[in-house]
Each structure stands twice: as structure tokens, then as C-alpha cells.
1. Being over 26 Å from ILE77 (Cβ atoms), more than 16 Å from the chain's Cα centre (by Cα) and at pLDDT 95 or above is true for just one of LEU161, LEU120, LEU189. Which residue is that?
2. Give the residues of the range 133-156 that are under 24 Å from PHE183 (Cβ atoms) and within 18 Å of the chain's Cα centre (by Cα), sorted by residue number.
3. Can you tell me which residue among ALA55, ALA14, ALA32 is more than 14 Å from LEU96 (Cβ to Cβ) and at pLDDT 95 or above?
4. For the range 87-104, check the following and say yes or no: at least one residue is in contact with a Lys or Arg (Cβ under 6 Å, 6 or more places away or on another chain), at pLDDT below 90, part of a strand (DSSP E or B) and open to solvent by less than 60 Å² (accessible area, probe 1.4 Å).
5. Show the residue pairs that are 6+ apart or on different chains and have beta-carbon atoms under 8 Å apart, the first residue being within the range 119-135 and of a type outside the set (Ser, Thr, Tyr), the second being in a helix (DSSP H, G or I) and open to solvent by 60 Å² or more (accessible area, probe 1.4 Å).
6. Looking at the range 142-155, is at least one residue part of a loop (DSSP other than H, G, I, E, B), open to solvent by 90 Å² or more (accessible area, probe 1.4 Å) and over 25 Å from TRP105 (Cβ atoms)?
Amino acid sequence: MMVHELRQELRGLAPDILFLQEVQGQHRHHEARHDAWPAAPQHEFLAEDMWQEAAYGRNVVYDHGHHGNAVLSRFPIVHTHNQDVTHHRFERRGLLHCEIAVPAWEGRSLHCVCVHLSLLGHSRRRQLDLLAGRLEELVPPDAPLIIAGDFNDWRNRANTLLAERLGLHEAFDQGRGKPSRSFPAALPLFRLDRIYVRGFQVADARVHAGRPWSRISDHALLAARLQPNG
């Protein structure tokens, strides 16, 4: 059980916004097995006293609990919606869309989407199309936007299927045409995870791989420092 170490390491980085996948909202078997299992859902336990807001999108439900995506934020989350993009019943997936009120932005909202896409290429294409369609319908085309998470996109198809359609750029690309390697965390070889942004300049982007992160997760942690355009 690594959730306590995860909380400690995330607090050491102290980001304004966190995009998390496979967060356990409830797991009665683990609760019974581990004395130190948190009493609160994992997203609330991780956010406690550090991030004022925590949104959770339940994607997978089983007889002893459920898990999904989560967004933790220092700023108010004024609206959330978990979009079910399941393509087949053996792989439940969702996209957690949060509208965040950044105090210094004078009424403009930041839109954030936490994703965990399918392992299958045709399912990912469908999920990306559903996501783009929702954002085109609900989010102004000039609104600041961050889409981040586990894309399972080792062939880098999201750039044409999503980024070009919504005017996004990938935080680690920097003109190289390739996002960063992020899996496995001990020695990243595959480019599975992404941070896509619109309305920002990327001041810094880093991959946190190796120890201690490889003890906590099988994916490396990606972090970006963003500066709003204008």
C-alpha cells in the first residue's frame, strides 16, 4: 500500500492542480486487510489540508468498491461532469471534466479534463472523438484548457485526433513531434501519458521517474509549469 507515500511525494511537489487516474473511491477488501487504509476515499485523503477542492469520476464499479479519475485543485471547482466513454463492457472508461475558477482571471474559467483512455486503438479514437465533440459544444474555443492523463497512446495518434482539432499543444513536445516517455516508471520507454494545453506557454516540463516514484506507481509522474498567454 503506497497511498501514504504518494501523498507525501505529491505534497513535496505542491502543484496547483493534479490529474489522477485509477483512484480508489472505495475498496472494502483493502480496508479490511490494511490497518493504515485511509478512512476517506483516496482523492479526499490525498487532497486533505493541501488542495481545497477534489472532484472524482467513478468509472469502474465492483462488488467491493469502485475507482476512477480525480482532479485536485487549489482553486474552486465550480462544475464537474464525468463523461462515460466506455466502448466495450470489459474496459470501463470515463473523462472527468472540471471547470475551475482561477481568482486572478476575472471571470474566465479554466477547463481541465482528466483522461484514462482504452488500451485498444479503435476505442481510443472513438473516445477522443467524443471528448473533442463535448468540448467543442460546451467550451468557448479561446478558453484556457488542459487535458492530461493516461492516453495509452504509444503511436502518438492523439496529436492529429485531438490536439489539432482543439488547438492544443503537448507540454513535452517542444517542436520534437513526440511527447515524453513515461512508462514504466523505473525506466520509461513508452510515450503513454500526456499534458495537452491551450492558452498557455510551457515554462518547464519534467518527468519524475525512478525512485521514489517507481515504488509508488507503474507510470512516471509528469509535471508542467504553465504561464497564461497574455
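The values are calculated or read from the model by the stated rules, or taken from the named source; none is laboratory data. Note that this is a predicted model, so its numbers are computed, not measured. All Cβ positions, glycine included, derive from the backbone under ideal geometry; neighbour counts span all protein chains shown. What goes into the accessible areas is simple: the full protein's heavy atoms, side chains included, and nothing from ligands, DNA or RNA. Shrake-Rupley method; radii C 1.70, N 1.55, O 1.52, S 1.80 Å.
1. LEU189
2. Scanning the range 133-156 gives ILE146, ILE147, ALA148, GLY149, ASP150, PHE151, ASN152, ASP153, TRP154, ASN156.
3. Only one candidate passes the filter, namely ALA14.
4. No, the range 87-104 contains no residue that is in contact with a Lys or Arg (Cβ under 6 Å, 6 or more places away or on another chain), at pLDDT below 90, part of a strand (DSSP E or B) and open to solvent by less than 60 Å² (accessible area, probe 1.4 Å).
5. ALA132/ARG165
6. Yes, there is a match, as at least one residue in the range 142-155 is part of a loop (DSSP other than H, G, I, E, B), open to solvent by 90 Å² or more (accessible area, probe 1.4 Å) and over 25 Å from TRP105 (Cβ atoms).
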